[in-house]
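These notes concern the structure reproduced below.
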Amino acid sequence: MQATHHQIVVIGAGTAGITVAARLLRENKKLDVAIIDPADKHYYQPAWTLVGGGTFKYKSTERDMKGLIPGGAKWIQDFVDEIDPDTNRIVTRESGEITYDYLVACPGIQIDLDGIEA
Ligand SMILES: Cc1cc2nc3c(=O)[nH]c(=O)nc-3n(C[C@H](O)[C@H](O)[C@H](O)COP(=O)(O)OP(=O)(O)OC[C@H]3O[C@@H](n4cnc5c(N)ncnc54)[C@H](O)[C@@H]3O)c2cc1C
């Protein structure tokens, strides 16, 4: 059965979330670190500039997420819908509630080009 409490919960397994989790576990491999991210794939976004310039293939910016989760961290493939910092609790779409001692929020940004007034 999946644990519903983790010492450290990281939301998002992009560059930020993976880096934070890896550095924490490098300091202390006994830490209980869970990373929550629904995505199967991780994208190396800086190379997208080169994709736009026609010198790099989009497919080459893609990696399987499972190969990038740091050893010792638990990947929960799910989407966080709610954060309640008063009770150290998050609510996920599939796995329900998960509590934490420390939360690191790295969900990235959502680009909304339609929000720019013409
Ligand atoms: C075209 C382009 C060029 C760039 N060039 C450079 C550069 O030259 N140098 C540089 O330093 N940076 C560059 N950047 C910026 C850099 O790529 C980003 O700053 C970096 O990827 C952001 O990492 P992140 O972890 O914050 O977000 P992301 O990599 O976007 O990851 C966020 C993760 O959070 C997950 N997530 C989102 N919402 C939830 C949720 N509710 N629950 C669970 N998971 C969730 C997503 O699935 C995703 O995997 C560039 C970016 C772009 C787009």
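Just so it is clear, none of the values below were taken in a lab; they were calculated from the coordinates. None of the values given here were measured: they were computed from a predicted structure. All Cβ positions, glycine included, derive from the backbone under ideal geometry; neighbour counts span all protein chains shown.
Could you tell me whether any residue of region 7-14 is without any contact (Cβ under 8 Å) to a residue 12 or more places away in the chain and either of a type in the set (F, W, Y) or outside any helix (DSSP H, G or I) (or both)? Explain how you work it out, then say what you get.
So the first thing to find is which residues in region 7-14 are without any contact (Cβ under 8 Å) to a residue 12 or more places away in the chain, and the list is none.
No: region 7-14 contains no residue that is without any contact (Cβ under 8 Å) to a residue 12 or more places away in the chain and either of a type in the set (F, W, Y) or outside any helix (DSSP H, G or I) (or both).
For region 56-72, check the following and say yes or no: at least one residue is under 16 Å from Q7 (Cβ atoms) and under 17 Å from the mean Cα position of the chain (by Cα). Taking every residue of region 56-72 in turn, at least one turns out to be under 16 Å from Q7 (Cβ atoms) and under 17 Å from the mean Cα position of the chain (by Cα).
In region 39-63, which residues are assigned to a loop (DSSP other than H, G, I, E, B) and surrounded by 15 or more Cβ atoms within 10 Å (Cβ to Cβ)? Before you say what the answer is, go through the steps one by one.
Taking region 39-63 and keeping what is assigned to a loop (DSSP other than H, G, I, E, B), we get 39-40, 44, 53-57.
Matches in region 39-63: F56 only.
Considering only region 18-30, how many residues are among the small types (G, A, S) and either within 17 Å of E62 (Cα to Cα) or more than 10 Å from the chain's Cα centre (by Cα) (or both)? Can you show your working first?
Going residue by residue through region 18-30, those that are among the small types (G, A, S) are 21-22.
If we keep only those that are either within 17 Å of E62 (Cα to Cα) or more than 10 Å from the chain's Cα centre (by Cα) (or both) too, we end up with 22.
Summing the residues that are among the small types (G, A, S) and either within 17 Å of E62 (Cα to Cα) or more than 10 Å from the chain's Cα centre (by Cα) (or both) in region 18-30 gives 1.
Pairing each residue of region 34-59 that is in contact (Cβ under 8 Å) with a residue 60 or more places away in the chain with any residue that is near the ligand (Cβ under 6 Å from one of its atoms) and assigned to a loop (DSSP other than H, G, I, E, B), provided the two are 6+ apart or on different chains, yields C-beta distances under 9 Å for I36/G12; I36/A13; I36/F79.
Of the residues contained in region 15-29, none is found to be part of a strand (DSSP E or B), in contact with a strand residue (DSSP E or B) (Cβ under 6 Å, 6 or more places away or on another chain), surrounded by 12 or more Cβ atoms within 10 Å (Cβ to Cβ) and not polar (S, T, N, Q).
Restricting attention to region 64-118, the residues that are within 14 Å of the ligand (Cβ to nearest atom), part of a loop (DSSP other than H, G, I, E, B), free of Cβ contacts under 8 Å to residues at least 40 places away in the same chain and not hydrophobic (A, V, I, L, M, F, W, C) add up to 3.
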